[in-house]
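The structure appears right after this line, and notes come after that.
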Amino acid sequence: MISQDSIEGLKSRLDILDVISNYIEVKKAGTNFKAICPFHDEKSPSFVISPQKQIYHCFGCGAGGDAIKFVMEYEKLNYPEAIEKLAEQNNYTLHYTDNKQAQKPRSQLMEKLSQWYQSLLNTMPTAQAYLNERGVSMASIEKFGIGYAPDSFKTIQFIKTNQFSMREAVDLGVAGSEGGREYARFIERIIFPIHVPNGAIVGFGGRTITGHQAKYVNSPQTALFNKSRLLYAYDLAKQAIYKKREIIITEGYLDVVMLHQAGFNQAVATLGTALTPEHLPLLRKGDPRIIMAYDGDSAGRAAALKASKLLSAGGFDGGVVIFEGGQDPADMVHAGQIDTLNAIFHAPKPFIEFVLEETLAGFDLRNPKAKEQALHESIGYLKTLSPLLQEEYKGFLAAKLAISPSLIRLTQQHNTPQRAPLMPTAYDVWELSLIKSMMEHPALGDQILDYISADMLQFHGHEFSLVLQRKFDDPQLMAISLNESIPSYSDEQSLHNELVTFLTQHYNRKLKKVLTQQHDSFEKKSFLIREIRGKITMLKRGQLVTS
């Protein structure tokens, strides 16, 4: 079993916003963050994340918990598996209660292998010559950890000699096994380590220099490596991205290396795949302007078109730069065209304009039927945008098609009404405030318990009992904790005044009940009336009374 101290140590390193925003898009909403819930179908965001309280809760379906619970639910893992996954992602060593040696972090194999690849680069003149020909400096080689993978036998031998298991190597995607034969996945290639945002190596990209059929290969999908969520060199670029509020996305590793070398240290690259919706949470961090820097060939333009549709529909700001004539950013840096690159990146084609122009370019607009089809396809795209942007670009599209704007009819989007918060039907703000105060200010809890019990609450006695049982991960308590419309009392005087008001109302209700009771004896009824009236008198003087 994983030791509790180890789990608590990992928890202290986790930030729930970082964990969740690696999986889904989140947006600032007051002191909290909101998102479309990943656990049920909804149109308006009811999923709330509190960085301060380190919890999340969905007011639509009731899902809630901490960072570990989120990974469990999203990845469909049990508790130990989620702990181990988060430990791997954060380079944290777990310890176990069976007195065995602490588990070796799985990323240690990747780190050792990367260091070995880097050391081999110095022994490979062919690889060095290629990098030198492309203009890659020694400083860049060191910064990006560029290395060289030898033949398969040497890599397998290195893994075994360093006492790593082949099963671990296969699980991490650096080796494979077929029909009892073990082999390395990266053979005679220049190697580019791929990191998660916190810096841990989770995969590799390799470029052939000996004529292999595949020019570039990446690590396969593993428990740690998901190319649809990662961007090459994001770990190196993130500070510049946050500072400049800009990110340049390219297609290749060398483009990134050379752009950083030229001072464009906000550059990253996709990993052999087009930009996907899973990339958007990462791109949303820091709210940067996004520049897509793609090749001018058909594949590059198609990828830029797909990315532009995705980003514009997601409300991102930025645009597209297309490199024509077979050139790419790496070539231009090597040729010393830094000023030209700077000017290009400062004037990208806005996403919406690029999508509309590329869409129309696919039709023969001299043909009326083709022109009509181009109009319908363009309108279909515009409908993915906000109503304001639809209206703004109606004239642009009309001008490109040389038609009247009145022919462009757009249906405004209507947001689906947000689902009501998951709260009890009987809803009493004061009682909920009392419960919230007990959760947020435990020191006040003892004072509350001196005067109030669960049976005194008309609507939320159950939730009061949950607090007493310290079941803070209960969905009902999480909903109360994250509901910003429910205030809490943070000082004793405010709480004292509220308790006086509540208790006065409580004992007035109790007095009325006693006065209307028929089955009690005269003596008992008289005693209760005197007792309750005495408490009400004390409360009117501002004195609290016990039940």
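The values are calculated or read from the model by the stated rules, or taken from the named source; none is laboratory data. Since we're looking at a predicted model, the values are computed, not measured. Cβ sites come from the backbone with ideal geometry, for glycine too, and all protein chains shown count toward neighbours.
Quick look at the numbers
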read-out	value
Among the candidates I480, I486, I435, residue that is on the phi < 0 side of the Ramachandran plot, assigned to a loop (DSSP other than H, G, I, E, B) and β-branched (V, I, T)	I486
Residue within region 94-107 that is surrounded by 13 or more Cβ atoms within 10 Å (Cβ to Cβ), in contact with a helix residue (DSSP H, G or I) (Cβ under 8 Å, 6 or more places away or on another chain) and either within 30 Å of T384 (Cβ to Cβ) or among the acidic types (D, E) (or both) present	no
Residue check for Y242: in the same structural domain as V333 (by TED's automatic domain parsing), over 27 Å from I20 (Cβ atoms) and among the hydroxyl-bearing types (S, T, Y)	no
Residue count, region 472-496 (criterion: surrounded by fewer than 13 Cβ atoms within 10 Å (Cβ to Cβ) and either of a type in the set (V, I, T) or without any contact (Cβ under 8 Å) to a residue 24 or more places away in the chain (or both))	2
Of all residues making up region 278-306, the number that are more than 17 Å from D255 (Cβ to Cβ) and over 22 Å from the mean Cα position of the chain (by Cα)	3
Selection within region 383-397 - assigned to a helix (DSSP H, G or I) and in contact (Cβ under 8 Å) with a residue 24 or more places away in the chain	P387, L389, Y393, F396, L397
Breaking point among (1) surrounded by fewer than 21 Cβ atoms within 10 Å (Cβ to Cβ); (2) over 30 Å from G362 (Cβ atoms), for D297	(2)
The one condition in (1) aliphatic (A, V, I, L, M); (2) touching a residue at least 60 places away in the same chain (Cβ under 8 Å); (3) in a helix (DSSP H, G or I) that A240 fails to fulfil	(2)
Residue match in region 317-339 (condition: outside the structural domain of I16 (by TED's automatic domain parsing), within 21 Å of the chain's Cα centre (by Cα) and within 23 Å of A237 (Cα to Cα))	yes
Residue in region 279-298 that is in the same structural domain as A347 (by TED's automatic domain parsing), over 20 Å from I20 (Cα atoms) and part of a helix (DSSP H, G or I) present	yes
Boolean, K85 is more than 26 Å from D235 (Cβ to Cβ) and not assigned by TED's automatic domain parsing to the domain that holds T208	no
Failed criterion for V71 (all others in (1) modelled with pLDDT of 90 or more; (2) not assigned by TED's automatic domain parsing to the domain that holds G9 hold)	(2)
Some residue of region 23-31 being modelled with pLDDT of 90 or more and not charged (D, E, K, R)	no
Any hit, region 144-151, residues being over 30 Å from D15 (Cβ atoms), among the aliphatic types (A, V, I, L, M) and touching a residue at least 12 places away in the same chain (Cβ under 8 Å)	yes
Filter result (touching a strand residue (DSSP E or B) at 6+ places or on another chain (Cβ under 7 Å), among the hydrophobic types (A, V, I, L, M, F, W, C) and either under 11 Å from A330 (Cα atoms) or surrounded by fewer than 24 Cβ atoms within 10 Å (Cβ to Cβ) (or both)) within region 242-268	V256, L259
Residue that is surrounded by the fewest Cβ atoms within 10 Å (Cβ to Cβ), among those in region 332-350 that are in contact with a strand residue (DSSP E or B) (Cβ under 6 Å, 6 or more places away or on another chain) and assigned to a helix (DSSP H, G or I)	I344
Test: residue in region 382-402 that is in the same structural domain as A307 (by TED's automatic domain parsing) and out of contact with any helix residue (DSSP H, G or I) (no Cβ under 8 Å at 6 or more places or on another chain)	no
G9 vs. criteria touching a residue at least 12 places away in the same chain (Cβ under 8 Å), more than 21 Å from E278 (Cβ to Cβ), surrounded by 13 or more Cβ atoms within 10 Å (Cβ to Cβ) and touching an Asp or Glu at 6+ places or on another chain (Cβ under 6 Å)	no
Pick from region 38-55, criterion closer than 26 Å to Y234 by Cα and surrounded by 17 or more Cβ atoms within 10 Å (Cβ to Cβ), ranking: modelled with the highest pLDDT	I49
Tally, over region 119-150, of residues that are assigned to a loop (DSSP other than H, G, I, E, B) and either outside the structural domain of G206 (by TED's automatic domain parsing) or more than 18 Å from G203 (Cα to Cα) (or both)	7
Strands (runs of 3 or more DSSP E) wholly inside region 162-201 containing at least 2 residues that are over 20 Å from N90 (Cβ atoms) and at pLDDT below 95	175-178, 181-184
Exclusive hit being out of contact with any Gly (no Cβ under 6 Å at 6 or more places or on another chain), basic (K, R) and outside any helix (DSSP H, G or I), set K471, K535	K471
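Results for (1) modelled with pLDDT of 95 or more; (2) out of contact with any Phe, Trp or Tyr (no Cβ under 7 Å at 6 or more places or on another chain), shown as yes or no for each residue.
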| site | (1), (2) |
| --- | --- |
| N226 | no, yes |
| K238 | no, yes |
| K243 | no, yes |
| T250 | yes, yes |
| N265 | yes, yes |
| P277 | no, yes |
| M292 | yes, yes |
| G296 | no, no |
| G314 | no, yes |
